[in-house]
Amino acid sequence: MATILNDAELVKVIGTVIRDGDPSCVRPNSYILRLGPNGEFLNAGKLFTLGDAKKGIRIPPGHSVGLTALETVDFRPTTVQKLYPDCALHAFISPTTDLSQEGIVAPTTQVDAGYTGTLNWTITNTSSEERRFIYRERLFRLTILRLEQGEVPLKYYEGDYQGQTGYVRSARKGAPVGMRESEWEDSVVEGGPAALLDKLMKSGFPWHALGQRLKTVDDQMKMVSEEYAAIDDSLRKLRLEVDSLSRQSGDVTKSLPQMIRSTLSEQTTALQNRWLVSSASMLLALLGLIIGVTGSKAASDFLKGNGWWIGPVLIVIGVLAMIIITRGPKNRG
């Protein structure tokens, strides 16, 4: 029965089955492949090389990039059977969890028994943000299975990619040359914007490049529209929550802004009433003091001799009394 190589076995195959490998990339049951030096921006058909001058790649939203692994693998029988007699190796390549969490879509693929060469894969940025990756960054998980006797294939891999190194473009032969337009089935609606854009892209240089740019702008506009739709949904949800809060407060006829204005109006009126009461009280007290003083000669003589300090003291006392009255009792929760 096929068994997955554990960390001890993976360390043992570094340098032979996994060339240019690093023991620090070994996980309990997998090896993490690193970003290699060569690749291609598929939307632009632009090849790139990382290393000395360029340290990483930037992938805009909606774009796809073909990548290579820094490591190469050797699953040929002459290499494998030195370590595992009468056995063969088969592998699965899958993206790390970090990629999927950032909106990077990458297919899971397989490495057939007998294959040797560079590992290639494609990633697509489906998020709304630019994603950046550094040369030698750990991106893909290589899980190797050891095939026992009875599971070893009768014929090992001998396909188009055997022995290839560096970035290798697709070797798919594609459709035969000379097919008529009417023989193709398209997703676009005849006469619609997508059909017009498709015709523009098929018109040759320079209209092909212009059509590509328009398609990229269209994809970005769709992404923006979806984000604005999500914001609108959030605002609707917030409005419903505010209405629910208004109903719970016992006043179903008022919205939250109306409730705030009503509360402020009530508090302002109460504050004005307290100021009026306190001002009237102080005026009555002052009037009584004036009448009492003018009716007594002794009091009048006393004030004439000490008025320079009694006046300011009475003013301070009046102000403090008004402040205390207008504050009112404190609410206790």
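What follows draws every value from the coordinates through simple rules; no lab data is involved. Because the structure is predicted, anything quoted here is derived from the model rather than measured. Cβ sites come from the backbone with ideal geometry, for glycine too, and all protein chains shown count toward neighbours.
Output the residue which, of all residues in the range 11-60 that are in contact (Cβ under 8 Å) with a residue 60 or more places away in the chain and β-branched (Val, Ile, Thr), is surrounded by the most Cβ atoms within 10 Å (Cβ to Cβ). Out of the qualifying residues, it is Val17.
Among residues of the range 143-165 being in contact with a helix residue (DSSP H, G or I) (Cβ under 9 Å, 6 or more places away or on another chain) and part of a strand (DSSP E or B), the one that is nearest to Met223 (Cα to Cα) is Ile144. When each of Gly103, Gly150, Gly163 is tested for being farther than 20 Å from Tyr31 by Cα, without any contact (Cβ under 8 Å) to a residue 12 or more places away in the chain and not aromatic (Phe, Trp, Tyr), the lone residue that passes is Gly150. Of everything listed in (1) under 19 Å from Gly21 (Cβ atoms); (2) in contact with a helix residue (DSSP H, G or I) (Cβ under 8 Å, 6 or more places away or on another chain), the single unmet condition for Pro61 is (1).
Within the range 82-106, the residues that satisfy the criterion of being part of a loop (DSSP other than H, G, I, E, B), touching a strand residue (DSSP E or B) at 6+ places or on another chain (Cβ under 7 Å) and not polar (S, T, N, Q) are Tyr84, Cys87, Glu102, Gly103, Ala106.
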